[in-house]
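A.B. asks: Take this structure first; my questions come after.
The values are calculated or read from the model by the stated rules, or taken from the named source; none is laboratory data. Just so it is clear, the model here is predicted, and its values are computed rather than measured. Backbone-built Cβ (ideal geometry, glycine too); neighbour counts: all protein chains shown. Note: areas computed on protein heavy atoms with side chains; ligands, DNA, RNA excluded. Shrake-Rupley method; radii C 1.70, N 1.55, O 1.52, S 1.80 Å.
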Amino acid sequence: MTEKYSTDLLTQLPKLPLPSLEETLKRIVEWCTPIVGAAEQKKLAALIADFQKSDAPELQSLLKQQWVETNASWLTPVLRHHYLINRKPLQCTSNFALTVSPAQLPNLDQITMAAKLLQNFADQYLAYASGDAPLETGLNGQPLDMSMYQRLFRTQRQPGCQHDLLQKTRQTLTNIEATVIYRQTFYQVRLIDHAGRVSTLRSLTEALIAIIQNTATDPVFTGAYTGLPRTTAAKLRQQLTTNKLNRDNLTRISNSLLVLTLQDSDKPLTAQSALLGSQDRFFDKTVQVFVSANTNIGFAFEHSQIDTAQALRLTDSVVAHLNQPADQWDSKGKPHFQQLEWQLDPDTKTALGEASRKNAQIANRLTSATTTISDLGTAQLEKLTINPDAFIQIGLVLAEYHATGGWQNITQTVSLRHFYQGRTDEMSTVSFEMKRFIQAFGDGQRDVTVRQLFDHAVSAYNERIGLGQTGMGIVRHLLGMHDMMRQNGGEAAFPEAAAFFNSPFLNQLVTPFFSTASIPMSIVDSYLTAPRSSDGYGIYYSVSTSKIKLTVSSWITNTFDAHEILTDITDSLTELFNWVAEND
């Protein structure tokens, strides 16, 4: 990967700022006020006061020193460590998945579709590795950070006993493979040859046909270990790598450009199955692609090294080029692939079989529901001069109020790509202004005063999101201070900080009941990630010209299932829009 997409952008992009301690502590009170009671607010104020006059200044000073000493982002190593210390299964904590809208796909059979996808991924990789890919810009024409693209290719999150490690193979222009999985069996397919040429369509299709026709498939799935809790996964991987052949196989998978799974017709491809499917999933490879027998396409991404925006941009590019006709060169070439053979002792086979069963149990813990609201989109909302995201977020607060009768945190992801090495922050969207409006609206008030409260709620949302986009959000700042505590003696050295970070009040602020993601791209049919809390919900929405797509994920143990929450959200948005339209 050339410096064009990394260090060359240092002079073109601003450095991510570090919020001041005073402003962050002030905003904690402001953001917690709508979701905690009066008695809790007093306790929170006392806790913040103790923290501010004890450990907080030293932790802020340590974080500021880190900010001063780097030209890059102070947040990048903090966020990386935050992901890598997670010990839970990746598929139900941080990974995200999506399916492609069938309307965006050409009429191709499964093999041709998969072969073209592999070619397109190789083309995208070579474009970035050689520096031919254009720089991306935002709506204002200013450049966006692109350093994350190098982590999309030939990367994997390796499990460790205390924390995971990020493996990244050196970027080369030759001799690159893709890993293909079919019926629990791994194959390495040559994708880029010794001369830097992408394999032809004929070469890839013949390889994939031979793979599907192969009857000597593996009785157990070696990749099952990647779905286990990370410490357990590390131990099972270590058990596998005591054998040189197994170790070499896992190295080849790590070095491969991506993993592609061919899926039989008896296994429908959905965002949920892409995220959680217990078979033929290699959960800690950064990019995995699924092509079903009925030619649906899905993607799953490991989140620690990349964010949604870059993953979607890559997805959009490789899918868009599926329509390109094959050239004369594509009619030539021989298949180059190899089935990976494993040497597994009885104990390892038993452990892998048990891993597959546990992965299936994890998959069955989550449920999801999807719907589309027609005749309500950007066209209708812009006529009313309402920010579509503000409208959705107010509707979500209304739905939460209908469902629970109270107030819990709702978060929205905010992109920081306009900063160097910018990733994301999370903003709490439940404001005092939203709460006042929802209380009045929920009680049946529909007069001019309530419309004014609605407008105040929209303005408060716009202001808070704008704050996040300037790098002044509080969630990542608190994460950075917590990381300074970890690096400099831990809770024993900073007892007041430990009391603050472990407080139930702060937990309410950083643990969302609804964790939301807005993805306004027509290529996405459905997007899914697991809820961020044990009793929460993950919510994806996309607002296009004349419709809103919604997907809700929930644990099967939740008070309300995904369909109930989805119905509540749909009803709330419809009720809210009809009222606003009538009173415009």
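A.B. asks: Could you list, ordered by first residue, the pairs with Cβ atoms under 7 Å in which the first is in region 287-311 and farther than 17 Å from residue 168 by Cβ and the second is open to solvent by 30 Å² or more (accessible area, probe 1.4 Å) and outside any loop (DSSP other than H, G, I, E, B), at least 6 apart or interchain?
C.D. replies: 296/102; 309/415
A.B. asks: Give me a count of the residues in region 323-349 that are at pLDDT 90 or above and either under 24 Å from the mean Cα position of the chain (by Cα) or open to solvent by 70 Å² or more (accessible area, probe 1.4 Å) (or both).
C.D. replies: 9
A.B. asks: Just name the residue that is farthest from residue 555 (Cα to Cα) out of those in region 350-390 that are touching a strand residue (DSSP E or B) at 6+ places or on another chain (Cβ under 8 Å) and open to solvent by less than 20 Å² (accessible area, probe 1.4 Å).
C.D. replies: Going through the qualifying residues, I end up with 381.
A.B. asks: Taking region 153-163, which residues are over 13 Å from residue 86 (Cβ atoms) and surrounded by 23 or more Cβ atoms within 10 Å (Cβ to Cβ)?
C.D. replies: Listed by number, the residues that qualify are 153, 154, 155, 156.
A.B. asks: Now, a different point. Restricting attention to region 62-83, which residues are in contact (Cβ under 8 Å) with a residue 24 or more places away in the chain, hydrophobic (A, V, I, L, M, F, W, C) and over 30 Å from residue 319 (Cβ atoms)?
C.D. replies: 62, 63, 67, 72, 74, 75, 78
A.B. asks: Does residue 114 satisfy the criteria of being of a type outside the set (D, E, K, R), surrounded by 20 or more Cβ atoms within 10 Å (Cβ to Cβ) and closer than 28 Å to residue 171 by Cα?
C.D. replies: Considered against the rule, which asks whether it is of a type outside the set (D, E, K, R), surrounded by 20 or more Cβ atoms within 10 Å (Cβ to Cβ) and closer than 28 Å to residue 171 by Cα, residue 114 comes out as yes.
A.B. asks: OK, next. Could you check region 27-127 for helices (runs of 4 or more DSSP H) lying wholly inside it with 3 or more residues that are more than 20 Å from the chain's Cα centre (by Cα)?
C.D. replies: Counting at least 3 such residues, we get 38-52, 56-69.
The rows are residues; the columns are (1) in contact with a helix residue (DSSP H, G or I) (Cβ under 8 Å, 6 or more places away or on another chain); (2) open to solvent by less than 40 Å² (accessible area, probe 1.4 Å).
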| site | (1), (2) |
| --- | --- |
| 149 | yes, yes |
| 165 | yes, no |
| 170 | no, no |
| 180 | yes, yes |
| 183 | no, no |
| 204 | yes, yes |
| 222 | yes, yes |
| 229 | no, no |
| 237 | yes, no |
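A.B. asks: Let me ask something else. Which one is nearest to residue 565 (Cα to Cα), of the residues in region 373-403 that are aliphatic (A, V, I, L, M) and part of a loop (DSSP other than H, G, I, E, B)?
C.D. replies: Per the stated criteria, the residue is 376.
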